[in-house]
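Notes to accompany the following structure.
The values are calculated or read from the model by the stated rules, or taken from the named source; none is laboratory data. Since this is a predicted model, take the numbers as computed values, not measurements. Here the Cβ positions follow ideal geometry from the backbone for every residue, glycine too, while neighbour counts run over all protein chains shown.
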Amino acid sequence: MSGSTDDTARTDGGGATRGTRDTSGGDVDPEPVEPEPTPESGPNLAAFLLTAGGVTAVFIAIFVFAFPEPINQYFAGIVLGVTVITLIVGMVLDLLGYFGDEAKVGVPDEVESSEPAQLESVRKRPNKPLPKQINFDDEIRQLRDHFDGDLPDQMDAFLTEYEKLKSSSQNRKVVAGSLRAALNPIAALVTDEETEEMVDEMGDQLFAYIKADPVDNMVVTEHAFYTDGVQTPIAELQTEQARIKATVHNKGDSAKAEVAVRFKNEGGVPVKTAYLPVGEVVTEARKELNTSVYVPSLATAADVFVVRATQDTPVLDM
């Protein structure tokens, strides 16, 4: 699985602390500053109900004193009916989220932190699993050390694109392209050969990731054929329904795949290829394939590898 930055924010999300200084020059313990609620914006259910109630009371009073019975009662009944309908409409709008929430607690504009401001953007959103190939958490820390803890402004674009890459699994190749472009100015800033090589390697990894098909990053780490629960050579399984067990490791983005079993004869010539769906394999996961496969005659060996899944291919029972 992909890693995430080890740094954690040291400021409280609800407010900040400020220190005061006395006349003798000594520091006084910081006193918490209470956040002030911001005024409500947008429609409010309480105001809506209050307005409806007030209008109803006014109209009933007018009709009661302005008209004799039973006319005033007739008009008052109409007003009450309209009020009930209005309240129902208000409740429906509230359920649909039309009315605003309660007052929110304001966050001070300035929050003191000992962490570099540039890395803060990387921690704003929950991280999504990143393939190790494009996980640059360690490289960012090394660059921070290289620049004595204060990353240059030229890295802002890189960190912004890296945040997008980590916070969403959608359109990652497009974002990776922007990330690679944002990496170019950094190479001109480093001052030692080792760091320069690291930055160049980051660019190569991004380029390889952009060009690769998702299944190119999936490999079959191990496989074997069985009959009656006993591992058996393929040459002894000809014209039989054997059992294949294989492990698929995904080193890239989540994707659907199939395991191809290409049977070959003694001369290495392909005899037949079977395609065994394994379904979705998520980033940095291993999925076990355990299913039956027919071994053709003349087959003495087999190549087992991952291919792109065909559309709407059913997933086999594992």
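Here TYR209 clears all of (1) modelled with pLDDT under 95; (2) aromatic (Phe, Trp, Tyr); (3) more than 25 Å from ASN135 (Cβ to Cβ); (4) surrounded by 15 or more Cβ atoms within 10 Å (Cβ to Cβ) except the condition numbered (3).
Remark: THR283 matches the filter, which requires a residue to be among the hydroxyl-bearing types (Ser, Thr, Tyr), modelled with pLDDT under 95 and buried (at least 17 other Cβ atoms within 10 Å of the Cβ).
Residues of the stretch 285-299 that are in contact with a strand residue (DSSP E or B) (Cβ under 7 Å, 6 or more places away or on another chain) and either farther than 25 Å from MET218 by Cα or not hydrophobic (A, V, I, L, M, F, W, C) (or both): ARG286, LYS287, GLU288, ASN290, THR291, SER292, TYR294, PRO296, LEU298, ALA299. Of all the residues in the stretch 209-218, those that are in a helix (DSSP H, G or I) and touching a strand residue (DSSP E or B) at 6+ places or on another chain (Cβ under 7 Å) number 3. The lone criterion from (1) surrounded by 16 or more Cβ atoms within 10 Å (Cβ to Cβ); (2) hydrophobic (A, V, I, L, M, F, W, C); (3) out of contact with any Phe, Trp or Tyr (no Cβ under 8 Å at 6 or more places or on another chain); (4) in a helix (DSSP H, G or I) left unmet by LEU179 is number (3).
Considering only residues in the stretch 162-196 that are of a type in the set (Asp, Glu) and without any contact (Cβ under 8 Å) to a residue 12 or more places away in the chain, the one that is farthest from GLN142 (Cα to Cα) turns out to be GLU193. Tell me which residues, restricted to the stretch 143-155, are within 25 Å of the chain's Cα centre (by Cα) and loosely packed, with under 15 Cβ neighbours inside 10 Å. Once the filter is applied, which keeps residues that are within 25 Å of the chain's Cα centre (by Cα) and loosely packed, with under 15 Cβ neighbours inside 10 Å, the stretch 143-155 yields nothing.
Of all residues in the stretch 142-167, those being within 22 Å of GLU284 (Cα to Cα) and of a type outside the set (Gly, Ala, Ser) number 6. The sole residue among THR221, THR191 that is assigned by TED's automatic domain parsing to the domain that holds ASN250 and not in a helix (DSSP H, G or I) is THR221. When you check GLU197 against the structure, is it out of contact with any Ser or Thr (no Cβ under 6 Å at 6 or more places or on another chain), under 30 Å from ASP148 (Cβ atoms) and not polar (S, T, N, Q), yes or no? When the stated conditions are applied, GLU197 passes them.
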